[in-house]
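Notes follow once the structure below has been shown.
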Amino acid sequence: AAMVKETIRVYARVKPVGRRQQAGSYSVDNEEHLPSLEITVPRDLADGFINNKQESYKFKFQKIFDQEAKQDVIFDSIAKPVAECVLSGYNGTIFAYGQTGSGKTFTITGGAERYSDRGIIPRTLSYIFDQLQKDSSKVYTTHVSYLEIYNECGYDLLDPRHEASRMEDLPKVTIMEDSDQNIHLKNLSLLQATNEEEALNLLFLGDTNRMIAETPTNQASSRSHCIFTIYISSKEPGSATIRRSKLHLVDLAGSERVAKTGIGGHLLTEAKYINLSLHYLEQVIIALAEKNRSHIPYRNSMMTSVLRDSLGGNCMTTMIATLAMDKRNIDESISTCRFAQRVALIKNEAVLNEEIDPRLMIVQLKKEIRDLKDELALVTGKQRMSELSQEELLQLDELIQTFLKDRDPDSSLDVGADMRKIKYCFVHMKQIINHPMTSGKKLFSQDISEEKKHNEELEKLKGLLQQRDNEINILVTMLKKEKNKARDALSQLNAAYADLTILKQSPSMSLEESQSPSRYFSLEEAKVFSSSIPRSPFLSRATGEKLSLGCQEAFEVFKQDHADSITIENNKQLLKQR
């Protein structure tokens, strides 16, 4: 099946009670179809109030591992089924939840004293690489990453550049979300591990980088969440399908309430943050357990963002509730069990993660095309090119012509088993039907070249037309400018004429002056002048008339002032001589 629907599996593991501790009272019942754990609250913890506290609590789990359970049994029952699913292409998550000192890190990573104390992570790595070596039918690649979340900041524990002395030295990991709401972790190194030894070295490097400040609750207290992830991708040789899956192994921070830890200052901030992110984890789980909740608050904390798929998404998820059963911690154990019962209600839908590698697909398709071409050549005895040659086109044109002229109703058009030729014939027929005048006389292939020529000529003419248009526009502009100049000249003349009228009336002007020959326009000149200037009411008298004195005056002035006046005079002399 490509999809597996199931609720999150929840297991309980009881930590052995230490020699100095007072054992709390609990019992495990394996008789029922789901084992149950019953915890009895001791009288002295009930604070002496009679009947106001429940005496005992009963919780159901998939399986309960009591104090003497060994690490290999834990692995076989809890982690192995998840690892198997991950190997076949599903996502998996195993997370440990419980108060500090209840055995979370021991369960997930293991103890350092004895080899048999190895926890889920190293055993899972062994198991996975073991299986990969056995399976030669696929090509596998494996990567790992190790993320620590501390006070709502992510840190990359596998930063290869240095062993960190302080948490702040490690690269900060940030969360990016793409348009499809997929979470990407920026700055988190993904390192390839080709065998178990490499993977274990990376795990060891990460654990060394993991910073643990000592709190009174436990010398090696884990006050940060750690997520060790194994990424596996596999493909069969020659196939374009890739399967990608990932397995998160999560060691959550201690779930205890702040009052207990006897800490202050910077450790208190920390406890507040730890509890806050666990509180958000709890909120997400409560929201998921409600039937009709549409919004799940994954984004509230980094932890829930990273584990988004694991909670109610595409993942097979397993939770281990670790319980410390000494008297002092009974109440914490009860709240851990309550949390576990809520988690057990969440349904996940794990999907087989398969995708197609486009590059491989292209290579495959190209090969297929080559094979088909070879096969065709074998059947037809001819090598096949993708385009029909000019000769073949002409041959087809002739065949079509003869076929059309043939009056015999049974005559057939046979071009062989070549789809390209058949297509060409159909297109040609269509052409003939749509343009009976042209195509009837001409051959299709020639048609195309003729049409090309026509189109080219048309383009040329269009170009020329455009050019002429531009030239005309330029000329029109020039004309307009000239017109404006002439207008200006006229207005000046008008002004001069007015002046002259005044002069006329003053008697001091001698007659000779007014009648000196140079001050007269010859008739022809007047004609030319008046016709070259756009008519204004001022000049609209009959052209035959001599120009008024004012005009002559103005014209003389104009001639003398004109830059080319000397040249013009010289030219006149020359002309006269000639």
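The values are calculated or read from the model by the stated rules, or taken from the named source; none is laboratory data. Predicted model, so just to flag it, every value in this text is computed and none were measured. Please note: Cβ atoms are built from the backbone with ideal geometry, for glycine as well, and neighbour counts cover all protein chains shown. SASA here: full protein model, heavy atoms, side chains in, ligands and nucleic acids out. Shrake-Rupley method; radii C 1.70, N 1.55, O 1.52, S 1.80 Å.
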Just the residues that are more than 16 Å from Lys60 (Cβ to Cβ) and assigned to a strand (DSSP E or B), please, taken from segment 7-38.
Lys15, Ala23, Ser25
For segment 376-392, which residues satisfy the criterion of being outside any helix (DSSP H, G or I) and surrounded by 12 or more Cβ atoms within 10 Å (Cβ to Cβ)?
Arg384, Leu388
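Conditions (1) modelled with pLDDT of 90 or more; (2) farther than 30 Å from Gln21 by Cα; (3) open to solvent by 80 Å² or more (accessible area, probe 1.4 Å); (4) not hydroxyl-bearing (Ser, Thr, Tyr), marked per residue:
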site: Ala321; (1), (2), (3), (4): yes, no, no, yes
site: Glu332; (1), (2), (3), (4): no, no, no, yes
site: Asn348; (1), (2), (3), (4): no, yes, no, yes
site: Glu355; (1), (2), (3), (4): no, yes, yes, yes
site: Met361; (1), (2), (3), (4): no, yes, no, yes
site: Lys366; (1), (2), (3), (4): yes, yes, yes, yes
Considering only segment 1-25, state which residues are open to solvent by less than 50 Å² (accessible area, probe 1.4 Å) and either among the acidic types (Asp, Glu) or closer than 18 Å to Glu55 by Cα (or both).
Glu6, Gly24
Among residues of segment 134-152, those that are assigned to a strand (DSSP E or B), open to solvent by 40 Å² or more (accessible area, probe 1.4 Å), farther than 18 Å from Thr124 by Cα and in contact with a helix residue (DSSP H, G or I) (Cβ under 8 Å, 6 or more places away or on another chain), counted:
0
Residues of segment 393-422 classified as open to solvent by less than 50 Å² (accessible area, probe 1.4 Å), out of contact with any Asp or Glu (no Cβ under 8 Å at 6 or more places or on another chain) and not aliphatic (A, V, I, L, M), total
5
Are any of the residues in segment 315-337 in a helix (DSSP H, G or I), more than 18 Å from Lys5 (Cα to Cα) and of a type in the set (Asp, Glu)?
yes
Where residues in segment 26-44 are exposed (fewer than 13 other Cβ atoms within 10 Å of the Cβ), touching a Ser or Thr at 6+ places or on another chain (Cβ under 9 Å) and without any contact (Cβ under 8 Å) to a residue 40 or more places away in the chain, which of them is nearest to Ala324 (Cα to Cα)?
Ser27
Tell me whether segment 231-245 contains one or more residues that are closer than 25 Å to Gly98 by Cα and modelled with pLDDT under 90.
no
Note on segment 67-81: residues in a helix (DSSP H, G or I), open to solvent by 50 Å² or more (accessible area, probe 1.4 Å) and touching a residue at least 40 places away in the same chain (Cβ under 8 Å) are Asp72, Lys80
Taking Lys504, is it at pLDDT 90 or above, surrounded by 10 or more Cβ atoms within 10 Å (Cβ to Cβ) and in a helix (DSSP H, G or I)?
no
Of the residues in segment 110-127, those that are assigned to a helix (DSSP H, G or I) and either touching a Cys at 6+ places or on another chain (Cβ under 8 Å) or of a type in the set (Asp, Glu) (or both) number 1
Six or more apart or on different chains, Cβ atoms under 6 Å: show the pairs whose first residue is in segment 185-202 and under 20 Å from Thr124 (Cβ atoms) and assigned to a strand (DSSP E or B) and whose second is open to solvent by 50 Å² or more (accessible area, probe 1.4 Å) and of a type in the set (Ser, Thr, Tyr).
none
Gln181 vs (1) farther than 25 Å from Ala253 by Cα; (2) modelled with pLDDT of 85 or more: all pass except (2)
Quick one: would you say Thr107 is in contact with a helix residue (DSSP H, G or I) (Cβ under 6 Å, 6 or more places away or on another chain), polar (S, T, N, Q), in a helix (DSSP H, G or I) and surrounded by 18 or more Cβ atoms within 10 Å (Cβ to Cβ)?
no
